[in-house]
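K.L.:
I have a structure I would like to understand better, so I am pasting it below and will then ask my questions one at a time.
The values are calculated or read from the model by the stated rules, or taken from the named source; none is laboratory data. Keep in mind that this is a model prediction, so the values were computed, not measured. Here the Cβ positions follow ideal geometry from the backbone for every residue, glycine too, while neighbour counts run over all protein chains shown. We work out accessible area using only protein heavy atoms, side chains counted, and drop any ligands, DNA or RNA first. Shrake-Rupley method; radii C 1.70, N 1.55, O 1.52, S 1.80 Å.
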Amino acid sequence: VVTCQMGLMFVEDRTAAVAEMRRALVPGGRVVVFSMHDPAAVADLLRAAGLRDIDAHESTATFQLPAPAEFPWQYMDLTPMGPFVAQATEAARTAMELQVVEARETYVVEGATPLDQPMVIATGRR
């Protein structure tokens, strides 16, 4: 099994990436891709790589994000924006946090922010 969870969208040459996934499989092995692309586009990528028995459909996952004051800092540290934001002044970081809190506070439920995220789940066999 080869899995790719929310990574394909960051790859410049998706066709080559899926071809490499196929190469790594034993005959009959399965690729599972979780992505934010169009299901038909992901199915086309799997098909172009020579995979068979392809299924690609959209599903919705509900995430419980941290409270709005915590979320931007946890998120930023996981992105290329982290070092830039870390260099911002305290006043700029405070203003950014306040903007996020004001925009999201109406969505908070029991201290967390639920988020319904549509995603594509696609599979194919070698």
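K.L.:
Among the numbered criteria (1) crowded, with 16+ Cβ neighbours inside 10 Å; (2) in contact with a Gly (Cβ under 8 Å, 6 or more places away or on another chain), which one does ARG47 miss?
P.N.:
ARG47 satisfies every listed condition except (1).
K.L.:
Counting residues that are under 15 Å from GLY124 (Cα atoms) and in contact (Cβ under 8 Å) with a residue 40 or more places away in the chain, which helices (runs of 4 or more DSSP H) fully inside the range 1-111 reach at least 3?
P.N.:
Helices (runs of 4 or more DSSP H) meeting the threshold: 39-48.
K.L.:
Looking only at the range 94-119, which residues are more than 20 Å from the chain's Cα centre (by Cα), of a type outside the set (Val, Ile, Thr), surrounded by 11 or more Cβ atoms within 10 Å (Cβ to Cβ) and under 22 Å from ALA61 (Cβ atoms)?
P.N.:
Of everything in the range 94-119, those that are more than 20 Å from the chain's Cα centre (by Cα), of a type outside the set (Val, Ile, Thr), surrounded by 11 or more Cβ atoms within 10 Å (Cβ to Cβ) and under 22 Å from ALA61 (Cβ atoms) turn out to be ARG104, TYR107.
Rundown of residues vs (1) closer than 23 Å to PRO118 by Cα; (2) open to solvent by 60 Å² or more (accessible area, probe 1.4 Å); (3) in contact with a Phe, Trp or Tyr (Cβ under 6 Å, 6 or more places away or on another chain), yes/no style:
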{"position": "LEU51", "(1), (2), (3)": "no, no, no"}
{"position": "GLN64", "(1), (2), (3)": "yes, yes, no"}
{"position": "PRO68", "(1), (2), (3)": "yes, no, no"}
{"position": "PRO72", "(1), (2), (3)": "yes, no, no"}
